[in-house]
Every structure is written in C-alpha cells, then in structure tokens.
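The values are calculated or read from the model by the stated rules, or taken from the named source; none is laboratory data. Worth saying up front: this structure is predicted, and the values here are computed from it rather than measured. Counting neighbours? That spans all protein chains shown, and the Cβs are built from the backbone with ideal geometry, glycine included. Protein only, heavy atoms only, side chains kept; ligands, DNA and RNA dropped before computing areas. Shrake-Rupley method; radii C 1.70, N 1.55, O 1.52, S 1.80 Å.
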Amino acid sequence: MTTLIDANLVAAEPVGHVASMLRLLHAADCFPRGGLYTGYYALAACVRYERVWTKMMTKAGALHTPPLDVAFAWFVHRQVDPRAYRICTTALGCELRTWLRPHFLDGAFLEQAKKRYGRFLALHAAHPSVPLVPAADIALLWHTHLGLSGEYEAACGKLFGAKSEGGWAEPSAWRPDYLSMGPEQMAEAYGNTANLYVEAHGEPYDDADTAWLPPDVAYPLAMAGSPLGSLLWVFDTNPQREGQEAAITAAATAAGLAFPPAEAPVARSGAHSLFAAWLAARRADQYFGAQACCRCIGAGASAYDATLKHVCAALVSVSYFLEAPAEDTHPYFGCIQVRPGSWRPAVDQAAKPGFSLTHPHSSLAGPNASYLDGLEILLRSQASAPPQVAVGKGGKAPIPSLDNPLWHILSRPGFTDRMKAHLYLAWDMASEKDVGKMARVTRTTMAAVTAAVAEASTSWVPKVAAEVAWAEAVAGAEAAGTEVEVGEAAVAGTEVEAGEAATVEAVAATAAVVAAVVAAAAVEVVVEAIKGESDVVARSKGCL
C-alpha cells in the first residue's frame, strides 16, 4: 500500500529539473512561423522525431542532442499517447501562461509544491479510478516528472504497482488524461479532486498562487497595448510562405490534415513576448552603449532611431530562425532559473489569480535579466497606473533612465509608432535582399559540424548545428533533387553583427525536406498517430 512518505520521496525527483522543462517550453513558445503547437511545423517535428530521431536513438552508444522541434515532440511523447499530440501541445502552451508567474521558479514555492505533488500522487494511489486534475503547482512538477521517463515509470511502479499487458508486466505509468477532457468535464473533475484533497489534508486545494489562470487573463507583454504587443506578428508570419506554399500543401494533403491558414492567429502563452522584450532591450543596450557618449551626455532623435532600427533587425531575425532561443547556450536561458526562496503563501485566500506589471521583470534572474530594468515603469505609465516609485522633480512621473535605452526611448512621445514603422521597413528589406542563404556554407562544414555534435552534451538542444539529427531527411530530399535550406543569416542591410546573429541550423525542418519525406511515403506512422489511428509508443518503446 502506498504511503504518503513513499509519495513524498518520489515527488522530490522532478524539483531539480523544473527550470529545464520551463526553458524547453519557453523555446517552443518562441518558435516562429506559426509555432510548434499546430500546423506545418508541428507535423514536421513529428516526422523528424519518428523517422529520424527514434532510429538514431536505437543505435548503440547514441548520445546525440536533438534540435528544438524534435526535443519538443520527444517531450510531448513522454507526456501522453502520441495520438493526443495536438491536444497536449496546445494544453502545455496554455499551462505555461500560468507558470510564467515568477513564483513558479521560487525555491520556497517549489518546496511547498513538492509536498502537494506527493499528496496528489497518494490521492491517485488511494482512488485509482477517479479522474484527478492537478492544480497549477502540482501540474508543473507532474509534467516535469513525466519528462524524466525512466524515473517516472520507476516511481509509478513503486507507488501504483504493475499491470500486465500482452503478457508483459510493465510499470503502470499514470498519464495526464485530464489534458484531453472538455471544459465541463475538467471543471467537474477538478472539483472532485479538490474535495478529496480537502478531505484528506484539511487544507484548501488551491489559492491565488496555485490556481490556474482564467483563459481571458493575458500575459502583460502579449497584450496589444504593451510596448511590443503590436510587433509580435514577427513570430507568426512566415517570410518564405509563398515559396513554400506548394510543399506545405503537399504535406497537409499527405497527412490528411488541414493546416491553419497563414493569417490565422497563433495561440501562445506569452513567453514569446517576454523573450521579445528581452531580445529587443539587449540589442538596444548593445548598440546604444557602443555609441560614444550617448549615455554620458544624452542622445537625440537620430540616435534613438538608429537604436530602434537595430532592435527591429533583431526581431525580424527571429522569423528566419535567428536570434531565437533554440540552443541551450542562449543567454536568455540563463535568466530562467530557480531563485532563492522568498515566496510566502498568499494571505488573502479569496484573491483571484492574475498577473502583475512587476511579473515580466521579476520572471527572469541573473546578470542578463537586467535588460528588463525600467520596463515596469514604462508599463505603468502606459497603463495609467500610479508607479510604485518616487515621483521625479516637478511632480512628473519618472521615466526609465538611459541605462535602459529601449524603455527610455519608448517612453518618449511617438517612438512606439516609429518602431512599428522601422519593423515593417526591416521586414521588407530582409525579404528583398533574400536574407540568410547559408545552405552552401553549412554543407561545406558538415564534417566539422558532425564531429562537434558527436562531442556535445546530451542536453535538449544542440550546442552546435545539429545536422546529424536530420541527415537522413536531408539526404532523402537531396536525392529527390530538392534544395534544402539549412540555416539563415542575419538580416542584411540593417547592420546586424554576424557574430550576434548566430545561425541555428536544424532548428526547424523546411517545407522542402518534409515535402520530400512525405512524397517518399515516410510518414505512415506519424500520420496515423496524428489522426488517432495507431500507437507510436508501442513502436518506439525502448528508444526513450
């Protein structure tokens, strides 16, 4: 019989991996050209994972690091039956919105979450036939634990026993079936779970810190009125859609799927807007700080405009898979870390969960998080809220200092609109100059890249261009005479430094690659799984 002590010991396993899981979910939320939740690139991720990655992992001694899209598909595979891929990816994106609140990376909060997760596991052991729905803090540890497939299966075997299927005794790995529930069914199951929890422990199941956010609560930086809210279309627009349309249509037809139209809004958690703010502020700081005396004696409109051009160049680069957080060495990920515990339980149990204007800045930690200093002041001024800082001379509300150039510039009248105009110009310029054609360069360095990848660690994204991870697909495409674009360079004509705009080869399969694989009838298992007609888990067992 499972004891609470056993459950608490097991519940401690995922705590040290929470930041890593959140980094992966941030990266997936920032994936450009429509994202990895639905549509063409979601299918591409499944194809590459099923047809390339699982084969590589069956080879003896294989210790390759997957590119981002494959890593995300692999993570989802560990969460649920692959037939529920679309449901799970969308649900995880929604859940990340709640997890963007800073206390979900607070050490003290995670200690409480660990205790509550242990209780949740014990509830399932006591009521195995009752559908349970986790509160947000419990879900964070549960999904992190699911990502640790070996440890999770062993834990389930210890807590819940084993079951026999097809003559084989296997650990009874408990899956998050709640992800596939409809709204009414989930609400009812959540209420039942809360009742069982209160009955067992005499404490409320959730509060303002542990409850899920209502669906109508948007992340502050993702709202249209935020400083960068009207610029986030760069994540959803494919600058090469016209040239890829035929291949995308062919892939959809072969898979029997209807991809969202190009203009359809993409559901994201808001992590992409947090990254956009960090990236834009970082580029502004780098350019503005390099100009002689700008911070010492101030700067005029021309210096501000030049800074905004560099900011827009960085944002446009994301749509070409550049600048995006797709490598584990990306400095953005250094900001997503568990912080020393300073969280305290909510005093007002009736308070509603939501976001504060302080959350974007306090969500990130470490030296690279300072790029968001001053953002809260700008947000408050735009929201017409009284700032929680001292009023400046003459009774005027303070503005961000030149130590934070982007937020200082955007606090000036008219410069938000000027940045919008610069972004459209940068977008058109990138398209006209056929930006970032680096396939030939990448191919000439294939040998060096392959050697470097072989020496890379087993983290979830490549430290170097991970050509090996999709060599089979590339070879198939080339055999079919298809031109394969592997990487993209900086936005030409907007003075983006080549070193700063490092390429992220193999981050996303191109339409040409997937179309070639589909044409070669290489996606039978993936297509069936997406349509709910087969079980990839059975075929991939032993590879994860």
Legend entry - Net lengthening on full extension, K115/A267 (0.36 nm per residue, minus Cα-Cα): 51.5 nm
Inset, instruction - Evaluate E = 1/(1 + (r/R0)^6) for S129 and A303, where r is the Cβ-Cβ distance and R0 equals 60 Å; express this FRET efficiency to the nearest 0.05. - result: 0.35
Inset, instruction - Grab the Cα-Cα distance for M223 and Q185, subtract it from 0.36 nm times how many residues apart they are, and report the gain in nm with one decimal. - result: 10.7 nm
Inset, instruction - Please give the FRET efficiency for E432 paired with A258, using the beta carbon to beta carbon distance and R0 = 30 Å, rounded to the nearest 0.05. - result: 0.40
Inset, instruction - Please work out how much length the chain gains when fully extended from A350 to T58, using 0.36 nm per residue of separation minus the C-alpha to C-alpha distance, in nm with one decimal. - result: 99.9 nm
Inset, instruction - Could you please put W233, W407 in sequence from largest to smallest accessible area, using a 1.4 Å probe? - result: W233, W407
Inset, instruction - Please find the FRET efficiency linking R412 to T329, where r is the Cβ-Cβ separation and R0 is fixed at 51 Å, and quote it to the nearest 0.05. - result: 0.90
